[in-house]
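Step one of this worksheet: look at the structure below.
The values are calculated or read from the model by the stated rules, or taken from the named source; none is laboratory data. The structure presented is a predicted model; accordingly, all values stated were derived computationally and were not measured. Cβ: placed from backbone, ideal geometry, glycine included. Neighbour counts: every protein chain shown.
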Amino acid sequence: MLGVYSAVAGGAFRRYSTYRAATVAGAVTNTVFGGILASTMLALWHARPGLGGYDARQAVTYIWISQALLVTVAVWGGGFQDDVQARFRSGDIAIDLYRPVDFQGWWLASDVGRAAFQLVTRGAVPMAVGALAFDLTLPRQPLVWAEFLLAVALGLLVSFGLRFLVSLTGFWLHDAEGVRAAMMVVSMFFSGTLLPLALFPGLLGELARVLPFSAMVQLPADVLLQRRTGQSLLNLYAFQLAWAAVLLAAGRAVQALAVRKVVVQGG
Amino acid sequence: MAVIEVEDVRRSFTVRTGNGRWRREKREVRAVDGLTFQVEEGECVGYIGPNGAGKSTTVKMLTGILVPSGGRLRVAGVDPAARRAALARRIGVVFGQRTTLWWDLPLRDSYELARRIYRIPDARYRANLDRCVELLDLGALLDTPVRQLSLGQRMRGDLAAALLHDPSVLYLDEPTIGLDVISRTKVREFLRETNRDRRTTVLLTTHDLTDIEQLCGRVMVIDHGRLVLDGPLEQLHAAGESERTLVVDLAAAHPPIELPGVRTVKVEGPRQWLAFPARQSAAPLVAAVAERYPLVDLSVREPAIEDVIARIYAGAAEPAR
């Protein structure tokens, strides 16, 4: 059965790779925005050195990591969500139900394939340009990079779990776009895409640390910046895993409800 | 052995209609209302009816993606809604207006995926794919992304995808919709061969009556959620009270021919069109005409199936409830 899901992931990877112009345009966008944000951060840290416990080099590095992850873990939503949305509109969603394949598993596999492609094109490429243009603090030890990739993978699971729940609302609302737009704002803010969460004051900071969104950008960035090592790193993985488990389980439960609704009430 | 058993199956939907600004009225619509039929293994059955008659609802229930509100349903011996995943391995479904193919990738990738979804053994997969590629002329298309295929090519691609796992039952919903003559013929030939050689049971929903005439030995007509006719194609004509037409050419223009049991439908110079009941033999009529009029030439026209169906729909329009 695993064969199906690896084929779906492989297919998704190749699918994204067929759109070369979109890929190039996307990589350029991430690079340009990385440059703008990094310059802004440099100015900010020049005025307030050591803000949030980051020095200026770390802050600039943080921005480039966040640009590399933005599309890879789909902080703004997207990926399989676009496909599911199109299938709601066309009614093809009915076809998905009579296939002997798990709906959630299918889309997770597809999202993993997409993320793998975008990690290279929209992650590694902008990061490499950033490293040439700015003075970044990146680790030399391969182990840290491996730890980082594990955190990214777990962050993707959390992101998928959230986006899958958003997409499932389409079974009731016929169109998940509104929910998705609201989620995009929340997600961008609480994931640490714009600013490290350490800069959020008081209650807001506390909230940001317990919500699942930090698993997407803030936590992987901290791993690469080696701010989380040893026991602290294990706690970070545990936090990501726990959220991934909760969200994926919730996705399964809601999926069962959705299928029941379609099958019993008629879509 | 009956592959599809449908016994007094019902399905109703609750429809809410906006009524003023706040109030909403609930109304129950009976899409399928006491349907009973059986389809034997290896049969090819045409399932026709006007839009909204309950055809798609029936097919959805037979695939298990919709639960009946009442009655009993068995496909290949299993209850579709209760065992949807198990059933999916034994049925193939093609919706003419939907596709199961992978839009951005070559056709071949979709088949490779089907192989894994249905866990088709390698040898069987290759044999089935080769057969489909040959009969449906897909060879040159295997490496083309699906989004670049024409409608006819895509349809053929979808047909192949639905048959790679050797389903014992195939549901087809408008498989020739929007196709040109050549693609239509190819699709029909393929379906005929599949039905004949593989003993695949086929349930064909269509508005194209040529599909039915060329493929199906049996027709079921549904209207308002009930079967109004179920039998061989010839029975359709009887039920439709259809008429044949005798076209006669006389030596010269004549006033309309008058004979018992015959309506003269049209007169055009020396040519006249005479309608008579389809069940009645043409011979005595021809003799009667020849005896009384200067007959030069004649031909008999069979009733068009479209007209027959239209008459059945019209007759069933207001069923007694």
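B:Ala114 passes all but one of (1) surrounded by 15 or more Cβ atoms within 10 Å (Cβ to Cβ); (2) more than 12 Å from chain A (Cβ to nearest Cβ); (3) out of contact with any Phe, Trp or Tyr (no Cβ under 6 Å at 6 or more places or on another chain); which number fails?
The failed condition is (2).
Which condition breaks for B:Cys132 when tested against (1) surrounded by fewer than 18 Cβ atoms within 10 Å (Cβ to Cβ); (2) part of a helix (DSSP H, G or I); (3) more than 14 Å from chain A (Cβ to nearest Cβ); (4) in contact (Cβ under 8 Å) with a residue 24 or more places away in the chain?
B:Cys132 satisfies every listed condition except (1).
Mind checking which residues of region B:85-111 are polar (S, T, N, Q) and more than 8 Å from every other protein chain (Cβ to nearest Cβ)?
B:Gln97, B:Ser110
Conditions: (1) away from every other protein chain (no Cβ under 12 Å); (2) under 22 Å from the mean Cα position of the chain (by Cα); (3) free of Cβ contacts under 8 Å to residues at least 12 places away in the same chain. B:Lys60 meets all but one. Number of the miss?
(1)
Against the condition of a type in the set (Gly, Ala, Ser), in the same structural domain as B:Asp158 (by TED's automatic domain parsing), part of a helix (DSSP H, G or I) and within 19 Å of B:Phe190 (Cβ to Cβ), how does B:Ala123 come out, does it pass?
No, not satisfied.
Do any residues in region A:100-123 that are away from chain B (no Cβ under 14 Å) have Cβ atoms under 7 Å from those of residues that are modelled with pLDDT of 95 or more and in a loop (DSSP other than H, G, I, E, B), where the two are at least six apart or on different chains, and which pairs are they?
That search, which allows pairs on different chains as well, returns A:Ala115/A:Val73.
Select from region B:63-84 the residues that are in contact with a strand residue (DSSP E or B) (Cβ under 9 Å, 6 or more places away or on another chain), more than 10 Å from chain A (Cβ to nearest Cβ) and without any contact (Cβ under 8 Å) to a residue 24 or more places away in the chain and list them in ascending order.
Hits for region B:63-84 are B:Gly77, B:Asp79.
Do the conditions hold for B:Val15, that is, is it facing chain A (nearest Cβ under 9 Å) and either over 27 Å from B:Phe190 (Cβ atoms) or assigned to a loop (DSSP other than H, G, I, E, B) (or both)?
It is false that B:Val15 is facing chain A (nearest Cβ under 9 Å) and either over 27 Å from B:Phe190 (Cβ atoms) or assigned to a loop (DSSP other than H, G, I, E, B) (or both).
Restricting the search to region A:1-51, which residues are over 23 Å from A:Phe134 (Cβ atoms), more than 9 Å from chain B (Cβ to nearest Cβ) and of a type in the set (Lys, Arg)?
Passing the criteria: only A:Arg20.
Checking the conditions here, which among B:Arg98, B:Arg84, B:Arg89 is in the same structural domain as B:Leu179 (by TED's automatic domain parsing), of a type in the set (Lys, Arg) and surrounded by 19 or more Cβ atoms within 10 Å (Cβ to Cβ)?
B:Arg84
When region B:42-57 is examined, which residues are found to be assigned to a strand (DSSP E or B) and within 14 Å of chain A (Cβ to nearest Cβ)?
Of everything in region B:42-57, nothing turns out to be assigned to a strand (DSSP E or B) and within 14 Å of chain A (Cβ to nearest Cβ).
Pairs, please: C-beta under 6 Å, at least 6 apart or cross-chain, first residue within 17 Å of B:Arg301 (Cβ to Cβ) and in region B:245-263, second acidic (Asp, Glu)?
Short answer, once both residue conditions are applied: B:Asp249/B:Asp297.
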